[in-house]
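One structure is given below, represented as structure tokens, and several questions about it will come after.
The values are calculated or read from the model by the stated rules, or taken from the named source; none is laboratory data. Not measured: the values here are computed from a predicted model. Positions of Cβ are backbone-derived with ideal geometry, glycine not excepted, and every protein chain shown enters the neighbour counts.
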Amino acid sequence: MEGYETRLVKAHDGGRNVVYTCEKEGAGAKIIRISFLNDRSREDFLGEVEYIRYLFEHGGSVSNLVSSRKGNLLEEITYSNHTFFVCLFEKAKGKKFVENNYRYREGAPITEYYYNCGKVLGKLHQLSKGYTPVHCRYRFFDKYNAEYINTLIPDSLSLLKEKLAELLKSLEGLDRECESFGMTHFDYNDGNYMIDFSTGQITIYDLDNSCFCWYMYDLADLWKNGMGWIQFEPDAGKRRKFMDDYFKIALEGYKSETRIKNCMLDKLPLFIQVTLIENIVDIFEVARNNDEEPECDEELSYLIKCLEDDIPYMGFFHEIYSYQEPFEYGKRNT
């Protein structure tokens, strides 16, 4: 990386990596990711980088890895008895939507973006259906199971724990054949891809949550990705109409690359609830890693309320939802 200007990327709350951008005149920008927490094993990282390279080499729109001088996709550095895992990526072309002030590219309808969001995800899933890993990432139930959740979440939230166990139980009998279950991104949202605003091309990155799961999980995240466009609309009926139209277009893009059974699409409300499990587990894990008590703020309280009261679609069409304070609920103590 000699001659590159290296700048630290500001971390988001709960971030598990240190990230730098590296730029050099006449050379493509790079991203260095240094993972420092002991929450992932060497096998986890090898499974991730192997999957990313597979996707890239087979036409997936992902940010490619750069091999080290030793020819490795992953390097380990041990210092003071602590191991750091280091990866280098090509910087994805374009900008995040937020960096473009949520303005889409000039002269193109926003529906092009909705379609492309689905299409890029569909391509990823289609490639996953033919993927046989050497280093295997974990499966959904390896992490999201009643035993782990019981140790992570305090007994004071007994109803929440009961509801989470019920949700997990409802997943156990679902189809796990290759058309429905395989490697997923598991964090598909507009913070984890770049958009080339000259062409509309989307390039995905940040696959360090990737795991074997139902493809419907990513599709639930795709559905949630549309909420921001209409979250300040007071009329719940208009919010529902928009989301129906948005998801129909996104699904058209998705189905242009791969198939999904209607019986699985019917499970969309279930998988939206399952994405809330991931949100809640992540909040409690971050607190544990920082040796802190989780703060049950308005946003966490909202997620808990949706699960405890069986409110579907993240409460987006329910009276719990406030367009003035989206996805927030009154404070409560854990």
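Can you tell me which residue within region 39-82, out of those that are farther than 28 Å from Gln126 by Cα and in contact (Cβ under 8 Å) with a residue 24 or more places away in the chain, is surrounded by the fewest Cβ atoms within 10 Å (Cβ to Cβ)?
That would be His82.
Here's another thing I want to ask about it. Could we say that Cys296 is under 19 Å from Tyr148 (Cα atoms), in contact (Cβ under 8 Å) with a residue 24 or more places away in the chain and of a type outside the set (S, T, N, Q) here? Spell out the reasoning first.
Values: under 19 Å from Tyr148 (Cα atoms): no; in contact (Cβ under 8 Å) with a residue 24 or more places away in the chain: yes; of a type outside the set (S, T, N, Q): yes.
So Cys296 fails the test.
Quick check on region 7-33: of everything there that is surrounded by fewer than 14 Cβ atoms within 10 Å (Cβ to Cβ) and closer than 27 Å to Arg288 by Cβ, which residue is farthest from the chain's Cα centre (by Cα)?
Ranking the candidates gives Leu8 first.
So, in region 248-298, exactly how many residues are farther than 17 Å from Met314 by Cβ and either in a helix (DSSP H, G or I) or in contact with a helix residue (DSSP H, G or I) (Cβ under 6 Å, 6 or more places away or on another chain) (or both)? Before you say what the answer is, go through the steps one by one.
So the first thing to find is which residues in region 248-298 are farther than 17 Å from Met314 by Cβ, and the list is 248-249, 251-266, 284-296.
If we keep only those that are either in a helix (DSSP H, G or I) or in contact with a helix residue (DSSP H, G or I) (Cβ under 6 Å, 6 or more places away or on another chain) (or both) as well, we get 248-249, 251-258, 262-265, 284-289, 294.
So the count comes out to 21.
Kindly indicate whether Tyr138 is touching a Phe, Trp or Tyr at 6+ places or on another chain (Cβ under 6 Å) and modelled with pLDDT of 95 or more. Before you say what the answer is, go through the steps one by one.
On the way: touching a Phe, Trp or Tyr at 6+ places or on another chain (Cβ under 6 Å): no; modelled with pLDDT of 95 or more: yes.
So Tyr138 fails the test.
Specify the residue that is surrounded by the fewest Cβ atoms within 10 Å (Cβ to Cβ); the eligible residues are those in region 298-334 that are among the acidic types (Asp, Glu) and in contact with an Asp or Glu (Cβ under 8 Å, 6 or more places away or on another chain).
Among those residues, the one meeting the criterion is Glu325.
In region 282-298, is there at least one residue being at pLDDT below 95 and closer than 27 Å to Leu127 by Cβ? First the steps, then the outcome.
Step one: of region 282-298, the residues at pLDDT below 95 are 282-298.
Subset that is closer than 27 Å to Leu127 by Cβ: 282.
Within region 282-298, one or more residues are at pLDDT below 95 and closer than 27 Å to Leu127 by Cβ.
Suppose we filter Leu152, Leu164, Leu171, Leu157 for residues that are more than 30 Å from Lys96 (Cβ to Cβ) and in contact with a Phe, Trp or Tyr (Cβ under 7 Å, 6 or more places away or on another chain); which single one remains?
Working: Leu164 fails: in contact with a Phe, Trp or Tyr (Cβ under 7 Å, 6 or more places away or on another chain); Leu171 fails: in contact with a Phe, Trp or Tyr (Cβ under 7 Å, 6 or more places away or on another chain); Leu157 fails: in contact with a Phe, Trp or Tyr (Cβ under 7 Å, 6 or more places away or on another chain).
The match here is Leu152.
To continue, here is another question. What number of residues in region 13-26 are more than 20 Å from Val62 (Cβ to Cβ) and in contact (Cβ under 8 Å) with a residue 12 or more places away in the chain?
5
Identify, by number, the condition in (1) assigned by TED's automatic domain parsing to the domain that holds Ala287; (2) closer than 25 Å to His135 by Cα that Leu46 doesn't meet.
Leu46 satisfies all of (1) assigned by TED's automatic domain parsing to the domain that holds Ala287; (2) closer than 25 Å to His135 by Cα except (1).
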